[in-house]
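Readers should treat all values here as calculations from the given coordinates under stated rules, not as data from a laboratory. A quick note: this is a predicted structure, and the numbers were derived from the prediction, not measured. Here the Cβ positions follow ideal geometry from the backbone for every residue, glycine too, while neighbour counts run over all protein chains shown.
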Number of protein chains: 2
Amino acid sequence: MGPVDDVKTRVKVNIYGSEYIVKANESPEYIQKLAFMVDKKMQQIGNRNRTMAGSKVAVLTALNLADELCKLREDYEGLLKLIEEAK
Amino acid sequence: MGPVDDVKTRVKVNIYGSEYIVKANESPEYIQKLAFMVDKKMQQIGNRNRTMAGSKVAVLTALNLADELCKLREDYEGLLKLIEEAK
């Protein structure tokens with residue numbers, strides 16, 4: 001999601017029962033896909049901890065996504081290394 | 001971050017000025033690293049929108065991480081395809 005200056009798209013999304021206007025240099029379909037991913041993960045975390053505040057659910061969701069990102073980065077670098085070695 | 005049943009580590013982290021106890025099957029160092037990533041991103045988003053509620057900053061942070069994850073997944077699949085084709 002790029003800097004605020006060169007914003008092209010504004011999309012209204014619903015995440016965990018709240019509406020957000022997302023501004024980004026991406027297609028509306030892609031932004032909806034991201035919102036769906038975040039909403040799904042927040043629902044999963046919220047369902048396991050029904051008394052948890054929405055802000056905490058969002059922070060734990062961000063932590064989960066950061067975890068997936070770190071693990072995928074490691075896998076990606078592993079593949080790059082394989083390709084380098086095969087050259 | 002695995003299911004609640006087989007939790008091994010409990011780590012206290014500070015994210016965007018709030019403390020959280022994170023329970024996960026990961027090392028404390030790795031959990032701190034994830035917390036640092038999320039905190040940094042929340043600070044960046046919060047600095048651009050100083051009146052924004054913390055819960056909204058967290059949701060936008062999760063959307064940003066979902067965006068990075070989707071893009072990296074695409075790159076990863078591209079590499080896998082390259083490797084398949086080279087076989």
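Lysine pair count for segment A:1-73 with Cα-Cα distance under 15 Å and sequence separation of 8 or more or different chains is 6.
For peptide B:37-44, the mean count of partner chain Cβ atoms within 10 Å of a residue's Cβ comes to 3.
Computed over chain B, the per-residue total of -39500 (n - 2.57) for DSSP H runs of n ≥ 4 gives a 222 nm mean residue ellipticity of -22000 deg cm²/dmol, rounded to 500. Compared with the dominant Cα axis of chain B, that is its longest principal axis, helix B:54-86 is turned about 10°. With springs connecting C-alpha atoms under 10 Å apart, model chain A as a Gaussian network and identify which of A:72, A:60, A:34 has the largest mean-square fluctuation. Judging by the Gaussian network model, the answer is A:72.
Here the Karplus curve 6.51 cos²θ - 1.76 cosθ + 1.60, taken at θ = phi - 60°, turns the phi angles of segment A:9-17 into couplings of 10, 10, 10, 8, 10, 10, 10, 6, x Hz, with x standing for Gly and Pro. The 3J(HN,Hα) values that the Karplus relation (6.51, -1.76, 1.60; θ = phi - 60°) gives for segment B:37-49 are, in residue order, 4, 5, 4, 4, 5, 5, 4, 4, 5, x, 5, 7, 9 Hz. Gly and Pro appear as x. Taking trypsin sites (Lys or Arg not before Pro) across segment B:2-82, the ones in a DSSP loop with at most 10 further Cβ atoms lying within 10 angstrom of their Cβ are B:8, B:50.
Let me know the shape class of chain A, please: from the alpha-carbon gyration tensor, a ≥ b ≥ c as square roots of the eigenvalues, rounded when a/c is under 1.5, otherwise prolate if a/b is greater than b/c, or oblate. Cα axes put chain A in the oblate bin.
Working from Cα pairs under 8 Å separated by at least six residues, relative contact order for chain B is 19 percent. Residues whose amide H lies under 5 Å from that of residue A:26, counting only those 5 or more places away or on a different chain, are A:8, A:9; hydrogens are built 1.01 Å from N in the peptide plane.
Take each residue in A:12-20, count the other chain C-beta atoms within 10 Å of its C-beta, and the mean is 2. 3J(HN,Hα) couplings calculated from phi for segment A:26-36 with the Karplus curve 6.51 cos²θ - 1.76 cosθ + 1.60 (θ = phi - 60°) are, in sequence order, 9, 6, x, 5, 5, 5, 5, 5, 5, 4, 5 Hz; Gly and Pro show x.
Does the protein assembly as shown classify as rounded, prolate or oblate by the C-alpha gyration tensor (a ≥ b ≥ c root eigenvalues; a/c under 1.5 gives rounded; else a/b over b/c gives prolate, otherwise oblate)? Since a/c reaches 1.5 but b/c is at least a/b, the shape of the protein assembly as shown is classed as oblate.
Summing charges over neighbours of residue A:28, with a neighbour being any other residue whose Cβ is under 13 Å away from its Cβ, gives +3 when K and R count +1 and D and E count -1.
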